[in-house]
Amino acid sequence: MRNTIFYEPELTGSLTDAWKQIRGNFIAPFLYLALYTCVAMSLMLFVERLYMTAVILCVKMLGKKRSTQYKYKVDVVLENMERKGTHPKVLVQIPMYNESEVYKLSIGAVCGLSWPNDKIVVQVLDDSTDRTIKKNVMAECKKYQDQGVNVKYENRANRNGYKAGALREGLQKQYVNECEYVVIFDADFQPESDFLKKTVPYLVGHDKLGMVQARWKFVNADECLMTRLQEMSLNYHFSVEQEVGSTTCQFFGFNGTAGVWRIRAIKDAGGWKERTTVEDMDLAVRASLKGWKFVFVGDVLVKNELPSTFKAYRFQQHRWSCGPANLFKKMTREIMLCPRVSIWKKIHLVYGFFFVRKIIAHWVTFFFYCVVIPACVLVPEVQLPKALAIYIPATITLLNTGGTPRSLHLLVFWILFENVMSLHRTKAAIIGLLEASRVNEWIVTEKLGNTINQINKSKVSFFRSRFRCGERIHKLELLMGIFMFYCALYNMSYCNDHMFIYLFLQSGAFFTIAFGFVGTFVPSMK
């Protein structure tokens, strides 16, 4: 194999020696610099993960999560409200845009919330441009209006500000002045009937509390391998990141849905702004700087749908990676100069929440495991520290996946998939920092609702389905797959270690995604 794949012509002296000299004098030092930078980023991420794990262990051992309910006297407040009939008036907003598959699910679930009819207003913020969908949504609202539910259908003539603009205009309606709290559910979210009873009591009587965030429950986690892997990542976000931020009274971001806000907190923070694609995080940061506190209630679950097509998932991850990086650039100075919050909270926000979790986590995954490590195989002058390349990432991975024990057997697939996705997240984070093109790109995540069941039942042949080659082949993943495959062959031929095992697996993951063999395939029936 050495002679057939990597045939090196016998160049006498000069060219071979010149290449070795260039490699040793110029490439190796640059690669060493990249290696040590990646190691430093790995250690930063490692320390952050250990810190959050330690906090979670303390929470579980001391039962602090349960004590939060006692602190806010949730049961007592709810009992008093129901006995005296003093329920606060609540506005429920459902922003949507051409949601043909899921609008019935969300509207039906919200209209079924257990709360006095005269104390709840359901506001459907429909930015749909499709006339048929608009007509159907209006008809759905009319159905529940006839049943006595106070449903307001609001449609804008434009989509200025996208979701943030719709939420902002919704709060400006005259009838909202009577409401004290606002609940937000995206179009695919289906709250249980007792959602308000489990969340609103936290806010009642605690004037410094601005927001209560519930946890997401994924109805289609078992749809395909890609949704199972997404579940692993998001479960860590909720069970660890959100829980730690809430428990330590530091900061955790609003997830944009399945949360209850005190309307006064939103107004005090300056209202909804569309300056980034993460308007939810932007509002949460500004409210936190004004002194408002947040609580995460992980025992309240709200059903929703994970993106099950790779195209939808890529758009979502671009928005979720680009937006925080852009917000980090816009707000770092404001955070550090804010007189209301302590220096420790400033450090937590700037360093822990933004820099490590939203930037370093993406960069180290891509540059270290997809660029630097494969490149070290091709440059023998650079000695890769196996302990740092194996043990630290292995520990970080185990900590990340601890929130989903049922999927531990998918650990290898999760690592390979996350490494591939780090390519897009790194690119998006750089776009956000530089405010380059696509920085404000907003594409609504496609939801399939019950459509996927119909597709499965129809058993449409994959090979007979029509698709455009350009939409199916992803060039960046293909190039990375070729690069890592070459590095794997080189390592197997010339090196004495077994790094080629990882490189072959990772190149296979890049090729799999490059050719679109991931997620749910929705054929074109046209």
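The values are calculated or read from the model by the stated rules, or taken from the named source; none is laboratory data. Being a predicted model, the structure only gives us computed values, none of them experimental. Cβ atoms come from the backbone with ideal geometry, glycine included; neighbour counts cover every protein chain shown. Note: accessible area is taken over every heavy atom of the protein model, side chains too, but ligands, DNA and RNA are not part of it. Shrake-Rupley method; radii C 1.70, N 1.55, O 1.52, S 1.80 Å.
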Top-ranked residue of segment 99-126 - restricted to ones that are in contact (Cβ under 8 Å) with a residue 40 or more places away in the chain and among the acidic types (Asp, Glu), ranked as most open to solvent (accessible area, probe 1.4 Å) = 101
May I ask you to list the residues in segment 237-274 that are over 30 Å from residue 398 (Cα atoms) and of a type in the set (A, V, I, L, M, F, W, C)?
-> 260, 261, 263, 265, 266, 269, 272
Qualifying positions in segment 18-39 - open to solvent by less than 50 Å² (accessible area, probe 1.4 Å) and either in contact (Cβ under 8 Å) with a residue 40 or more places away in the chain or under 31 Å from the mean Cα position of the chain (by Cα) (or both) = 23, 24, 28, 31, 34, 35, 38, 39
Please specify each residue of segment 161-202 satisfying the condition of being assigned to a loop (DSSP other than H, G, I, E, B) and surrounded by fewer than 15 Cβ atoms within 10 Å (Cβ to Cβ).
-> 172, 173, 193, 194
Residues in segment 419-442 that are open to solvent by less than 60 Å² (accessible area, probe 1.4 Å) and more than 20 Å from residue 354 (Cβ to Cβ): how many?
-> 5
Go through segment 61-119 and give me each residue that's at pLDDT below 90 and not in a helix (DSSP H, G or I).
-> 63, 72, 73, 100, 101
Please indicate, with yes or no, whether at least one residue in segment 84-98 is of a type in the set (D, E, K, R), open to solvent by 20 Å² or more (accessible area, probe 1.4 Å), more than 30 Å from residue 448 (Cβ to Cβ) and out of contact with any helix residue (DSSP H, G or I) (no Cβ under 8 Å at 6 or more places or on another chain).
-> yes
Qualifying positions in segment 189-220 - acidic (Asp, Glu) and at pLDDT 95 or above = 192, 194
Matching residues, segment 133-154, being part of a loop (DSSP other than H, G, I, E, B) and not hydrophobic (A, V, I, L, M, F, W, C) = 147, 148, 150
Is it the case that segment 325-334 has a residue that's open to solvent by 30 Å² or more (accessible area, probe 1.4 Å) and free of Cβ contacts under 8 Å to residues at least 12 places away in the same chain?
-> yes
For residues in segment 224-254 being surrounded by fewer than 20 Cβ atoms within 10 Å (Cβ to Cβ) and assigned to a loop (DSSP other than H, G, I, E, B), which is modelled with the lowest pLDDT?
-> 249
Only residues in segment 380-399 that are in contact (Cβ under 8 Å) with a residue 24 or more places away in the chain count as the first member; pair them with residues that are surrounded by 13 or more Cβ atoms within 10 Å (Cβ to Cβ) and polar (S, T, N, Q), Cβ under 9 angstrom, at least 6 apart or cross-chain, and list the lot.
-> 388/42; 392/42; 393/42; 393/365; 396/42; 399/53
Identify, by number, the condition in (1) open to solvent by 40 Å² or more (accessible area, probe 1.4 Å); (2) modelled with pLDDT under 95 that residue 273 doesn't meet.
-> (2)
Failed condition for residue 158, given (1) assigned to a loop (DSSP other than H, G, I, E, B); (2) surrounded by 23 or more Cβ atoms within 10 Å (Cβ to Cβ), with all others met?
-> (2)
Note: among 277, 248, just one is in contact with a Lys or Arg (Cβ under 8 Å, 6 or more places away or on another chain) and hydroxyl-bearing (Ser, Thr, Tyr), namely 277
Could you tell me which residue of segment 512-526 is modelled with the lowest pLDDT, considering only residues that are in contact with a helix residue (DSSP H, G or I) (Cβ under 8 Å, 6 or more places away or on another chain) and either at positive phi or surrounded by fewer than 18 Cβ atoms within 10 Å (Cβ to Cβ) (or both)?
-> 523
Which residues, counting only those in segment 175-213, are over 19 Å from residue 151 (Cβ atoms) and free of Cβ contacts under 8 Å to residues at least 40 places away in the same chain?
-> 207
